[in-house]
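Participant: What follows is a single structure, and I will ask about it in a moment.
None of the figures in this text is laboratory data; all of them are computed from the coordinates on show. Computed from a prediction, not measured in an experiment: that's the story for all the values here. Cβ: placed from backbone, ideal geometry, glycine included. Neighbour counts: every protein chain shown.
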2 protein chains.
Amino acid sequence: MNLKEANHLEFVSNFDTFLFDCDGVIWQGNDLIPGVKQVLLELRKLNKQILFVSNNSTKSRKSYLKKFESLGIQASVDEVFGSAYCAAYYMKHQLAFPPNKQVYVVGMHGICDELESQGIKYCGSSDDNENIKDMAHIGDIKHESDVGAVLFGFDVDLNYKKLAKAFTYLQDRDCLFLATNSDLTYPAAGTIFPGTGALLAALSAPLERQPIVLGKPHQTMLDCIVDSKHLNRERTCMVGDRLDTDIAFGKLGKLKTLLVMTGVTNQETLNKTDTIPDYVIDSLGSLKLIN
Amino acid sequence: MNLKEANHLEFVSNFDTFLFDCDGVIWQGNDLIPGVKQVLLELRKLNKQILFVSNNSTKSRKSYLKKFESLGIQASVDEVFGSAYCAAYYMKHQLAFPPNKQVYVVGMHGICDELESQGIKYCGSSDDNENIKDMAHIGDIKHESDVGAVLFGFDVDLNYKKLAKAFTYLQDRDCLFLATNSDLTYPAAGTIFPGTGALLAALSAPLERQPIVLGKPHQTMLDCIVDSKHLNRERTCMVGDRLDTDIAFGKLGKLKTLLVMTGVTNQETLNKTDTIPDYVIDSLGSLKLIN
């Protein structure tokens with residue numbers, strides 16, 4: 001249902017917590033969406049809890065803060081819940097990942113930073129940016145004996161060596177398989193490119209194994225957020241621009257959902273979807289919370 | 001059925017042409033399988049046509065000849081039908097790929113050599129081995145305007161730039177999508193690693209498009225072989241070590257099939273399969289053709 005202006009305060013009064021996707025909701029690329037800064041300030045005045053929930057695993061919570069700062073938006077580390085942090089949180093708090101094991105990372109420094117923040121040992125990532133020279137050298141790849149998990153996230157420096165190492169670790173079914181998210185595409189430069197879920201397919205296809213995914217719409221992420229922030233699901237609203245990630249995430253998790261039209265979803269897509277949001281607004285910046 | 005020695009000459013008399021997979025049939029890695037050299041010579045004496053049919057797209061027909069030579073096996077360029085050559089043959093003879101278009105190659109020099117042999121223009125491959133520095137530079141990738149197809153093969157130097165370029169070309173549904181093979185794993189160094197089909201999944205997953213595959217067990221390859229060599233399917237036998245590629249290839253194509261046990265298939269797998277070969281022998285080298 002479309003949020004009419006008269007109802008905005010009433011709508012907000014139903015919730016204690018708002019979960020916000022970022023790209024397409026708060027900003028578009030490097031540009032803040034008009035009005036959003038003010039709406040966030042007003043939600044704070046109304047004592048609403050604010051959490052930023054993103055699938056982008058290339059950024060740690062601290063990197064996100066820098067982005068918020070550069071756009072002039074107030075935020076704290078505790079309000080950011082990215083998929084890199086979620087993966088590290090899950091490994092520490094849900095899995096109690098053994099301290100004598102390490103995780104092999106396919107992904108970038110955002111993931112490594114968050115694993116460090118949770119005291120989890122890791123290897124891989126940029127240490128394996130240099131590929132093997134040719135297949136004749138495939139047998140020379142060194143494998144660590146104490147790898148207990150592979151964590152896969154977006155990696156612009158993905159190469160065959162990283163895939164081969166992760167594949168070899170994961171052929172042992174006791175080695176855990178985790179991914180920060182499964183988005184098939186990555187929006188950038190005004191178009192789309194292959195996303196984490198695409199790169200991940202190069203591993204899950206030959207393994208015939210699917211990872212535990214710590215990003216939207218997978219509920220392991222929401223379970224981590226609810227657990228970490230002690231949320232009441234009935235008083236929580238998920239705000240996003242994507243039906244298949246944000247809105248599905250909220251609906252599967254029994255949250256209320258608000259779709260904004262400032263991102264990837266247009267009216268035509270909305271008319272055809274089975275993933276129907278509870279509320280729709282043209283932009284988060286249009287929320288009128290002052291009489 | 002197991003080939004009993006007494007029947008070997010009778011078995012061979014049913015065929016004019018033998019299609020041989022290479023790895024696991026003729027050689028294992030760099031070692032010739034005992035007796036195979038003699039059997040091939042005897043088949044030649046019986047005036048049988050011999051073709052070597054391989055999914056490995058990293059080698060051109062000429063590279064294959066070097067391998068045959070190094071192992072002391074007689075072979076000619078016309079007897080080699082690798083998936084790289086098959087792709088080039090298909091583009092020229094079946095698609096009549098327009099001379100004013102070029103093909104974007106994800107793959108290694110074996111593919112490029114074979115495209116050149118058929119006079120097909122190409123770009124990509126090792127020219128794109130240098131990846132983009134980071135996602136901030138993704139918009140700087142230069143795309144050629146005359147790319148009419150993407151040809152995907154095994155590429156140990158696969159990187160994000162190549163995937164992003166291929167993805168961008170293939171979002172245009174008029175751009176043809178071809179792959180040399182779809183093997184999920186690549187046997188090397190006594191174990192397995194992700195194969196062409198694994199790497200390919202990173203492209204087909206986000207595109208929701210499947211390529212035309214020019215390797216076993218896909219029948220486009222067999223159609224090219226039959227067309228090119230004017231084979232009589234009823235008088236042709238496919239010899240291979242893999243049920244899901246070689247034997248399936250022959251069975252789907254109405255050829256007779258001979259499984260050898262010198263490669264990836266063991267008796268336990270054979271007992272459980274639905275892909276039942278017409279004949280089984282412990283090794284191609286065991287074929288007794290002299291009384």
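Participant: When DSSP beta bridges are limited to those with both residues in the protein assembly as shown, what percentage is antiparallel, rounded to the nearest 5?
Facilitator: Among the beta bridges of the protein assembly as shown, antiparallel pairing accounts for roughly 15 percent.
Participant: Provide the net charge surrounding A:Ser76, with neighbours chosen by a C-beta distance below 14 Å and charges set as Lys +1, Arg +1, Asp -1, Glu -1.
Facilitator: Net local charge, A:Ser76 excluded: +3.
Participant: So what's the back-of-envelope 222 nm ellipticity for the protein assembly as shown, counting only DSSP H runs of four-plus at -39500 (n - 2.57) apiece and dividing by all residues, rounded to 500?
Facilitator: It comes out at -8500 deg cm²/dmol, rounded to the nearest 500.
Participant: Taking R0 as 22 Å, what FRET efficiency do you get between B:Gln38 and B:Arg235 from their Cβ-Cβ distance, rounded to the nearest 0.05?
Facilitator: FRET efficiency, B:Gln38 to B:Arg235: 0.40.
Participant: Calculate the mean, over all residues of peptide A:164-172, of how many other protein chain Cβ atoms lie within 10 angstrom of the residue's Cβ.
Facilitator: Partner-chain Cβ atoms within 10 Å, mean over residues of A:164-172: 2.
Participant: Another question, if that's okay. Which whole-Hz couplings ³J(HN,Hα) result when phi for each residue of segment A:46-58 is put into the Karplus expression 6.51 cos²θ - 1.76 cosθ + 1.60, θ = phi - 60°, listed in order with x for Gly and Pro?
Facilitator: Whole-Hz 3J(HN,Hα) from phi for segment A:46-58: 7, 6, 7, 7, 10, 10, 9, 10, 10, 7, 5, 8, 6.
Participant: Hey, what D do you get for chain A in µm²/s if you plug the Kirkwood alpha-carbon radius into Stokes-Einstein at 20 °C and 1.002 mPa s?
Facilitator: It comes out at roughly 108 µm²/s.
Participant: Ranking B:Leu9, B:Leu65 by Cβ neighbours within 10 Å, fewest first, what do you get?
Facilitator: The fewest-first ordering by Cβ neighbours comes to B:Leu9, B:Leu65.
Participant: Here is a further query. Could you tell me which of the pairs A:Lys142/B:Lys59; A:Lys62/B:Lys165; A:Lys92/A:Lys251 are separated by over 29 angstrom between their Cα atoms in the structure shown?
Facilitator: Listed pairs above 29 Å: A:Lys62/B:Lys165.
Participant: Over the whole of B:191-199, what's the average partner chain Cβ count within 10 Å per residue? Rounded to a whole number, please.
Facilitator: 6
Participant: May I ask you to give the average projected area over all directions of the convex hull of the Cα atoms of segment B:196-284, in nm² rounded to one decimal?
Facilitator: 6.9 nm²
Participant: Would you tell me the mean number of C-beta atoms belonging to other protein chains that fall within 10 Å of each C-beta in A:139-150, as a whole number?
Facilitator: 1
Participant: Right, something else. Just to confirm a number: summing +1 for Lys and Arg and -1 for Asp and Glu over residues other than B:Lys162 whose beta-carbon lies under 11 angstrom from that of B:Lys162, what do you get?
Facilitator: -3
Participant: I've got another one for you. DSSP beta bridges in segment A:96-213, what fraction antiparallel, as a percent rounded to 5?
Facilitator: Here the antiparallel bridges make up roughly 20 percent for segment A:96-213.
Participant: Right, another one. Mind running the shape call on segment B:176-233? Use the C-alpha gyration tensor, a ≥ b ≥ c as the square roots of the eigenvalues: rounded below 1.5 for a/c, prolate if a/b tops b/c, oblate otherwise.
Facilitator: oblate
Participant: Can you list residues from other chains, or at least 5 along the same chain, whose modelled amide H is less than 5 Å from the amide H of B:Tyr122?
Facilitator: B:Val103
Participant: Which of A:His109, A:His93, A:His218 has the fewest other C-beta atoms within 10 Å, and how do the rest follow up to the most?
Facilitator: Fewest-to-most ranking of A:His109, A:His93, A:His218: A:His93, A:His109, A:His218.
Participant: Taking a cut-off of 19 Å, what percent of all Cα-Cα pairs in segment B:84-213 are separated by more than that?
Facilitator: 47 percent
Participant: May I pose another question? Have a look at A:Asp157, A:Asp241, A:Asp21 and tell me which one the Gaussian network model of chain A (Cα, springs below 10 Å) gives the largest fluctuation.
Facilitator: A:Asp157
Participant: Which one of A:Pro187, A:Tyr64, B:Ser204 has its Cα pushed farthest toward the positive end of the charge dipole of the protein assembly as shown, where Lys and Arg give +1 and Asp and Glu give -1 at the Cβ?
Facilitator: B:Ser204
Participant: Where does the Debye-calculated log10 I(q)/I(0) of the protein assembly as shown sit at q = 0.05, 0.07, 0.13 Å⁻¹, using only Cα point scatterers of equal weight, no solvent?
Facilitator: One equal scatterer on each Cα of the protein assembly as shown leads to -0.27, -0.50, -1.24.
Participant: Comparing A:Phe20, A:Phe52, A:Phe97, which has the greatest mean-square fluctuation in the GNM of chain A with Cα pairs linked when under 10 Å apart?
Facilitator: Evaluated over chain A, the most mobile residue of the options is A:Phe97.
Participant: Local charge sum around A:Asp246 (other residues, Cβ-Cβ under 9 Å, Lys/Arg +1, Asp/Glu -1)?
Facilitator: After counting each charged neighbour, the total is -1.
Participant: Take B:Arg233, B:Arg61 and order them by how many other Cβ atoms sit within 10 Å, fewest up front.
Facilitator: Taking fewest neighbouring Cβ atoms as first place, the list is B:Arg233, B:Arg61.
Participant: Of A:Ile225, A:Ile192, A:Ile276, which has the largest mean-square fluctuation in a 10 Å C-alpha GNM of chain A?
Facilitator: Per the Cα network of chain A with a 10 Å cutoff, A:Ile192 tops the list.
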